[in-house]
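The values are calculated or read from the model by the stated rules, or taken from the named source; none is laboratory data. All values reported here derive from a predicted model rather than from experimental measurement. Note that we place each Cβ from the backbone using ideal geometry, even for glycine, and neighbour counts take in every protein chain shown. To get the accessible areas, we keep the full protein, side chains included, count just its heavy atoms, and leave off ligands, DNA and RNA. Shrake-Rupley method; radii C 1.70, N 1.55, O 1.52, S 1.80 Å.
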Amino acid sequence: MWAELLPVGRSASSGGYRRHAWNSADAECRAWFEQQAADRGLTYELDRNGNQWAWLGDPNGDGAIVTGSHLDSVPDGGAFDGPLGVVSSFAALDQLRERGAELARPLAIVNFGDEEGARFGVACIGSRLSAGVLTKAQAYDLRDADGVRLPDAMERAGYDPGAIGADDDRLRRIGAFVELHVEQGRYLTEDHPVGVASAIWPHGRWRFDFHGEANHAGTTRIEDRRDPMLTFADTVLSARQQAELAGALATFGKVAVEPNGTNAIASLIRGWLDSRAADETVLTQLVERIRESASVRGERDGVRVELTRESYTPVVDFDGPLRDRLAKHLGGVPVLPTGAGHDAGILASAIPTAMLFVRNPSGVSHSPAEHAEQADCLAGVAALADVLEDLACQ
């Protein structure tokens with residue numbers, strides 16, 4: 001399975017993956033998922049939001065145990081973020097069958113669409129729509145960098161955008177969702193290749209618009225310039241400093257410049273801030289301090305600063321009894337928080353959710369250098385199979 005997925009959407013120049021929502025690489029990944037379901041005699045289903053499901057047992061039964069993750073990537077992302085969870089889910093199901101496990105309730109594997117938000121700027125679109133966290137109207141307003149609307153992209157890919165929206169009936173039939181994911185940090189050790197998640201830090205994405213004045217780079221005096229690049233650059237440095245003081249995280253990883261000419265002073269710079277903290281109050285105060293710093297510098301530079309919150313996820317404490325059950329069943333493995341968002345975090349408000357992490361020796365993620373050792377991946381599959389057997393066979 002892993003060998004089949006590795007070349008899909010991989011850039012020959014960077015070695016990273018460009019599996020973005022509703023593009024050709026995404027379509028290949030979806031076809032792969034459907035084929036895996038068919039190879040195992042599972043009931044394949046596509047829900048109203050474009051999420052893919054593979055069922056063992058009655059899809060309409062109650063108390064289903066669901067596992068899975070996503071197959072899309074950030075720009076030039078790594079091979080493990082998302083796909084490891086989906087591949088491990090099919091492998092864990094294979095192990096259950098080899099063990100002769102008898103299910104007492106339905107079991108499903110899911111591939112949630114557009115988890116990374118690389119194309120439309122909002123993470124976990126598939127699970128957000130299903131949980132009603134993202135409305136149909138909000139989804140219809142989303143556009144990619146080329147101005148393509150999300151519903152148009154779905155339609156071009158052969159899906160019905162008119163059907164998207166909250167999927168309450170489906171969620172009511174799910175008893176628990178367990179997502180396996182590569183660890184996006186370096187806390188697990190060789191002695192503990194698998195861990196259980198305790199919580200997800202609150203996090204969000206904010207767009208800063210820096211409005212200046214376009215002008216000629218070679219003829220405009222320094223004192224006559226209203227250059228938003230200066231304000232943006234100062235804000236980037238301020239965000240790093242403020243984050244360090246707060247014990248939090250703040251990253252400007254995406255920027256758009258207009259008119260984007262080498263010999264032109266920019267008229268507008270858009271910078272997207274990703275910020276995360278262990279506490280919601282700390283996160284709110286951090287973003288406000290970054291905004292204040294940007295505004296103060298903007299006044300000095302003759303630049304107007306606007307701030308728009310594009311997405312936000314509050315702190316997620318995974319279901320306590322389910323989390324403790326997994327940790328105990330797996331022999332007291334480490335229980336640790338994460339600063340990364342996941343579909344399991346989005347669904348936590350609607351159904352009991354939990355996560356397993358597989359050791360990442362370098363801690364590198366969202367990069368072609370992302371890696372997990374095969375032995376650790378196999379340990380993750382065994383742990384997931386144990387968990388699914390405990391939950392679905394009783």
If each K or R counts +1 and each D or E counts -1, the residues other than Ala38 whose Cβ falls under 15 Å of its Cβ total -3
Lys/Arg +1, Asp/Glu -1 at C-beta; region 270-312 dipole; positive extreme among Gln285, Gly302, Leu273: Gly302
Which residue fluctuates the most in the chain, going by a Gaussian network model with Cα springs under 10 Å, if the choices are Gly345, Gly261, Gly41? Gly261
Extension gain (nm, one decimal) between His216 and Glu34, 0.36 nm per residue minus Cα-Cα: 60.1 nm
Using protein chains only and a probe of 1.4 angstrom, how many square angstrom of Met154 are accessible, to the nearest 10? 0
Please name whichever of Val315, Ala104, Gly253 sits farthest to the positive end of the charge dipole of the chain, dipole taken about the Cα centre and charges placed at Cβ: Lys and Arg +1, Asp and Glu -1. Gly253
Computed lengthening from Glu288 to Arg156, 0.36 nm per intervening residue step minus Cα-Cα distance: 43.6 nm
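For Ser362 and Asp224, what does the FRET efficiency come to when R0 = 45 Å and r is the distance between their Cβ atoms, rounded to the nearest 0.05? It would help to have the intermediate numbers written out before the result.
Details: r = 48 Å, r/R0 = 1.08.
It comes to 0.40.
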Quick check for me: using +1 on Lys/Arg Cβ and -1 on Asp/Glu Cβ, what's the dipole size of region 143-288 about its Cα centre, in debye to the nearest 20? 200
Let me make sure I get this right: for region 126-273, a, b and c are the square roots of the gyration tensor eigenvalues over alpha carbons, sorted descending. Under 1.5 in a/c it's rounded, otherwise prolate if a/b > b/c, else oblate. Which is it? oblate
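Which shape class applies to region 1-158: rounded if a/c is under 1.5, otherwise prolate when a/b exceeds b/c and oblate if not, where a ≥ b ≥ c are the square roots of the Cα gyration tensor eigenvalues? Could the numbers behind the result be given before it?
Values: a/c = 2.32, a/b = 1.38, b/c = 1.69.
Oblate, since a/c reaches 1.5 and b/c is not below a/b.
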Determine the dipole magnitude for region 224-294: charges of +1 sit on the beta-carbon of Lys and Arg, -1 on that of Asp and Glu, nothing else is charged, the reference point is the Cα centre, and the result goes in debye to the nearest 20. 160
Rounded accessible area of Ser365 (nearest 10 Å², 1.4 Å probe): 30
Figure the gain on full extension for Tyr312 and Arg240 (residue separation times 0.36 nm, minus the Cα-Cα span) and round it to one decimal in nm. 23.9 nm
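Per DSSP helix of 4 or more residues, -39500 (n - 2.57); summed, then divided by the residues of the chain. What does that give at 222 nm, rounded to the nearest 500? Walk me through the numbers on the way to the answer.
Numbers: 12 runs with 136 residues, N = 394.
Calculated from helices alone, the mean residue ellipticity at 222 nm is -10500 deg cm²/dmol.
Might you tell me the accessible area per residue for the chain, computed with a 1.4 Å probe and given in Å²?
Details: 16950 Å² over 394 residues.
Each residue of the chain exposes 43 Å² on average to a 1.4 Å probe.
Name the shape class, rounded, prolate or oblate, that the alpha-carbon gyration tensor gives for region 327-394, where a ≥ b ≥ c are the square roots of its eigenvalues, rounded holds for a/c under 1.5, and otherwise prolate holds if a/b is larger than b/c and oblate otherwise.
Values: a/c = 2.09, a/b = 1.25, b/c = 1.67.
It comes out oblate by the Cα gyration axes.
Count the DSSP beta bridges whose two residues both fall in the chain, then state the antiparallel fraction as a percent rounded to the nearest 5.
Working: 46 of 64 bridges.
If I count the DSSP bridges inside the chain, around 70 percent turn out antiparallel.
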Inter-site label distance for Gln95 and Val335 at 7 Å from Cα along Cβ, in nm: 2.2
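Say R0 is 35 Å: what FRET efficiency, to the nearest 0.05, do Tyr187 and Asp62 get from their beta-carbon distance? It would help to have the intermediate numbers written out before the result.
On the way: r = 36 Å, r/R0 = 1.04.
Here the calculated transfer efficiency is 0.45.
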With every protein chain kept in place and a 1.4 Å probe, the residues Glu45, Glu116 fall, from largest accessible area down, as Glu45, Glu116
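Nearest 0.05, what FRET efficiency do Trp2 and Leu171 give at R0 = 30 Å with Cβ-Cβ as r?
Numbers: r = 30 Å, r/R0 = 1.01.
With a Förster radius of 30 Å, E is 0.50.
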Please report the accessible area of Thr281 (heavy atoms, 1.4 Å probe, ligands and nucleic acids excluded) in Å², nearest 10. 80
Cut-off 14 Å between beta-carbons: net charge of the residues surrounding Arg289, Lys and Arg +1, Asp and Glu -1: -1
